[in-house]
Amino acid sequence: MADYARTLGLPPSAMVIEGNSFSTLQNAKFSLALLEQAEHLILVSDAFHLPRCYLSFKWAGAQDLTLVASNPNLERYDNPIAIMVLREATAIWFNLARAALWSAANLFGWQNDNWLA
């Protein structure tokens with residue numbers, strides 16, 4: 001994404017790159033830690049992934065979000081759209097369970113960011 005942003009003219013000095021996450025929940029948590037001063041975030045992702053992105057970033061504490069589909073043309077994907085939508089429908093519940101467990105463990109000081117991977 002950073003390479004693509006550069007081709008559009010965004011200078012590297014304007015970029016903040018989070019490269020440590022292995023899941024949408026970790027990406028939300030780690031990104032917000034890097035963007036503490038940001039008042040408004042624009043989330044760019046595949047259209048079918050945006051609902052999970054939105055919920056993950058809201059869980060991590062984001063307040064003001066705008067969602068943008070990176071490519072609304074879903075015909076470009078190798079997998080049938082039904083499979084990707086089914087995967088996201090399953091993943092959103094899995095993320096909800098992980099976020100709830102992580103949040104509950106955090107109350108007792110047992111948080112472990114690896115649980116979010």
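Each Lys and Arg Cβ is given +1 and each Asp and Glu Cβ -1; about its Cα centre, the chain then shows a dipole of about 220 debye.
Sequence-distant contacts, meaning Cα pairs under 8 Å at least 6 residues apart, place the relative contact order of the chain at 25 percent. A full extension of the chain between VAL44 and ALA2 corresponds to an added length of 13.9 nm, given 0.36 nm per residue minus the alpha carbon distance. On the basis of the beta-carbon distance and an R0 of 22 Å, ALA104 and LYS58 show a calculated FRET efficiency of 0.80. Here region 1-65 is assigned +1 on the Cβ of each Lys and Arg and -1 on the Cβ of each Asp and Glu. Its dipole about the Cα centre then comes out at about 140 debye.
Helices in the chain that qualify as membrane-span-like (whole DSSP H runs, Cα extent of at least 24 Å along the helix axis, mean Kyte-Doolittle hydropathy of 1.0 or higher) are 81-107.
Taking all protein chains as present, what is the carbon and sulfur share of the accessible area of the chain, in % to the nearest whole number, probe 1.4 Å? About 60 percent, which is the carbon plus sulfur part of the accessible surface. Report summary: the helix-based calculation at 222 nm, which adds -39500 (n - 2.57) for every DSSP H run with n ≥ 4 and divides by the residues of the chain, gives -15000 deg cm²/dmol. At the listed q of 0.10 Å⁻¹, the Debye profile of the chain, built from one uniform point per Cα, gives log10 I(q)/I(0) equal to -0.35.
The values are calculated or read from the model by the stated rules, or taken from the named source; none is laboratory data. All values derive from a computational prediction rather than experimental measurement. Every residue, glycine as well, gets a Cβ built from its backbone with ideal geometry; the counts of neighbours run over all protein chains shown. When the accessible area is computed, the model is the full protein with side chains, heavy atoms only, and any ligands, DNA or RNA have been set aside. Shrake-Rupley method; radii C 1.70, N 1.55, O 1.52, S 1.80 Å.
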